Amino acid sequence: MVSSDDIRDLLRDSGWLTVDASELSENDDLYAAGLTSHGSVNLMLALEERFDIEFPEQLLRRRTFESIGAIRGAVAGLLGGTAAA
Amino acid sequence: MQSGQTQAGHGATDDPQAAFRDALVAAGLLIPTGVDGLYGRSGVFEDVVERFNDLITRWGRDDGAEVMRFPPAVARHHFERSEYLKSFPQLAGTVHSFKGDERAHQTLLRRLEEGEEWTDGQMATNVVMTPAACYPIYPTIAERGPLGGDGALVDVYSYCFRHEPSLDPARMQLFRMREYVRVGTPDQVMDFRQSWLERGRALMDSLGVPLAVDVANDPFFGRAGRMLAANQRDQGLKFELLIPITSEEKPTACLSFNYHQDHFGLLWDIRTPDGAVAHTACVGFGMERVALALFRHHGFDVRAWPGSVRAALWG
């Protein structure tokens with residue numbers, strides 16, 4: 001199970017964004033919020049560790065990590081469950 | 001023949017890359033050293049490189065770039081800050097030297113004499129091989145403070161090192177890269193890259209070689225690297241001008257046109273006059289690769305090259 005707040009917490013503690021992650025909506029563009037290419041790689045690795053998952057090759061793309069909603073969808077898919085709101 | 005002394009498991013002459021390399025060696029254009037990707041160049045080869053270098057200068061002259069020439073090494077503290085190790089740890093080359101006392105020297109000589117491992121006693125120096133010609137310019141520009149309204153345009157040329165031994169003569173470990181690097185606002189650097197995409201194609205057309213321009217990615221390391229590569233392609237940040245050299249199916253990147261967005265601007269804190277983080281872009285020319293493409297398509301005898309090509313290079 002993964003919630004948007006789980007992802008917000010991870011983003012807020014990471015220092016990868018230039019804005020406060022608590023104020024981001026589901027669909028806000030994380031790249032516009034300061035996420036860099038290397039930041040998105042670190043985010044990917046942190047999500048794998050936090051949720052004990054491994055992103056397959058086809059998900060290793062910019063779009064997978066573009067918003068909290070997109071991340072929640074991808075992580076939920078890999079956990080095999082449904083995404084919590 | 002020296003060229004046959006390649007590393008174990010290689011050297012098959014039916015390999016088109018090895019065959020072309022052997023032909024270049026036999027013609028005296030490349031001088032083998034016994035290490036794949038490390039070659040001397042003949043006078044004829046060097047003349048082609050120099051003439052091509054002059055041709056680039058002529059095509060870029062009106063832009064008034066500031067010329068900077070660095071030795072083929074960067075300061076280790078600059079290299080460490082550049083994040084090169086995040087993306088390409090497999091390609092980097094650090095310079096190590098002996099720093100021991102007389103006793104350690106004796107040990108070194110004994111190990112060498114007895115064919116034992118001796119390099120583990122070598123210590124890192126503050127010198128790292130230049131991975132791309134533009135690397136020394138970012139800290140240099142940053143040191144000057146905020147950019148002027150016109151930003152910066154720099155002309156660099158250097159030998160570069162990448163640790164990727166290969167039979168392919170177009171993949172050398174030490175090769176030369178000429179670059180123009182633009183630093184400024186996103187609009188300034190995108191205009192620069194677009195103009196060089198057009199100019200680069202026209203310049204190479206004048207040399208009568210078959211070419212194509214395509215979107216590309218850098219050889220980022222590992223799984224994280226696959227994501228960086230996908231990001232780079234998705235965003236169209238890198239284009240290459242490709243010329244077939246040892247393969248029609250897999251042509252060789254001879255020029256590249258790179259938009260780094262704010263990567264180097266953020267790393268080095270380079271600012272535009274209004275305080276925004278500067279963006280950067282560069283056009284890079286692989287000097288040996290272009291020379292090899294010319295030898296491949298026009299033959300090993302430069303006196304027999306087409307008149308238009310000779311005119312473009314030798315005037």
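Nothing in this text is a laboratory measurement; each read-out follows from the coordinates by a stated rule. Not measured: the values here are computed from a predicted model. In this analysis, Cβ positions are derived from the backbone assuming ideal geometry, glycine residues included, and neighbour counts consider all displayed protein chains.
Miscellaneous remarks
- J(HN,Hα) series, region B:51-59, from Karplus relation 6.51 cos²θ - 1.76 cosθ + 1.60, nearest Hz, glycine and proline x: 5, 5, 4, 5, 5, 4, 4, 5, 5
- Rg and Dmax, both from the Cα atoms of chain A and both in Å, are 11.5, 32.
- Helical content alone sets the calculated 222 nm signal of the protein assembly as shown at -12000 deg cm²/dmol, taking -39,500 (n - 2.57) per DSSP H segment of four or more residues and averaging over every residue.
- Percent antiparallel among DSSP beta bridges (both partners in chain B, rounded to 5): 95 percent
- Size check on the protein assembly as shown: the Cα extents along the three principal axes, sorted descending, read 71, 58, 45 Å.
- Coarse-grained scattering of region B:98-194 at q = 0.11, 0.13, 0.15, 0.18 Å⁻¹, given as base-10 log I(q)/I(0) from a Debye sum over alpha-carbon atoms: -0.59, -0.72, -0.82, -0.95
- Put simply, the Cα atoms of region B:5-144 extend 58, 50, 28 Å along their principal axes, the longest span coming first.
- Of B:Tyr259, B:Tyr84, B:Cys160, farthest towards positive along the dipole that unit charges on Lys, Arg, Asp, Glu beta carbons give the protein assembly as shown: B:Cys160
- Using the Karplus relation 6.51 cos²θ - 1.76 cosθ + 1.60 with θ = phi - 60°, the per-residue 3J(HN,Hα) values for region B:196-206 come to 6, 4, 6, 5, x, 5, 5, 4, 6, 4, 5 Hz, with x marking Gly and Pro.
- Of the GluC sites (Glu not before Pro) found in chain A, those that fall in a DSSP loop while having at most 15 other beta-carbon atoms within 10 Å are A:Glu26, A:Glu54.
- Here's how it looks for B:Glu66: its modeled amide H is under 5 Å from those of B:Leu153, B:Val154, B:Asp155, which are all 5 or more places away or on a different chain.
- Loop-located GluC sites (Glu not before Pro) in region B:113-185 (DSSP state other than H, G, I, E, B) with a sparse environment of at most 15 neighbouring Cβ atoms within 10 Å: B:Glu114, B:Glu116, B:Glu117.
- Loop-located GluC sites (Glu not before Pro) in region B:230-315 (DSSP state not H, G, I, E or B) with no more than 10 neighbouring Cβ atoms inside 10 Å: B:Glu248, B:Glu249.
- Each Lys or Arg adds one and each Asp or Glu subtracts one; over the other residues with Cβ under 14 Å from the Cβ of B:Pro146, this totals -2.
- Where the Cα pairs of chain B fall when distances are cut into 10 Å bins, in %: 5, 23, 32, 24, 11, 4, 0
- Here's how it looks for B:Ile245: its modeled amide H is under 5 Å from those of B:Thr252, which are all 5 or more places away or on a different chain.
- Residue of B:Ala142, B:Ala281, B:Ala133 that the Gaussian network model of chain B assigns the largest fluctuation, springs spanning Cα pairs under 10 Å: B:Ala142
- Built amide H within the under 5 Å cut-off of B:Cys160, gap 5+: B:Phe175, B:Arg176, B:Met177
- Counting only lysines at least 8 places from B:Lys86 when in the same chain, those with an alpha carbon closer than 20 Å to its own are B:Lys238.
- Estimated vicinal HN-Hα couplings, Hz - region B:116-130 in sequence order (Karplus 6.51, -1.76, 1.60; Gly, Pro = x): 8, 4, 10, 6, 5, x, 6, 10, 4, 9, 8, 10, 10, 4, 5
- Taking the DSSP bridge list for the protein assembly as shown and keeping only pairs wholly inside it, about 95 percent are antiparallel.
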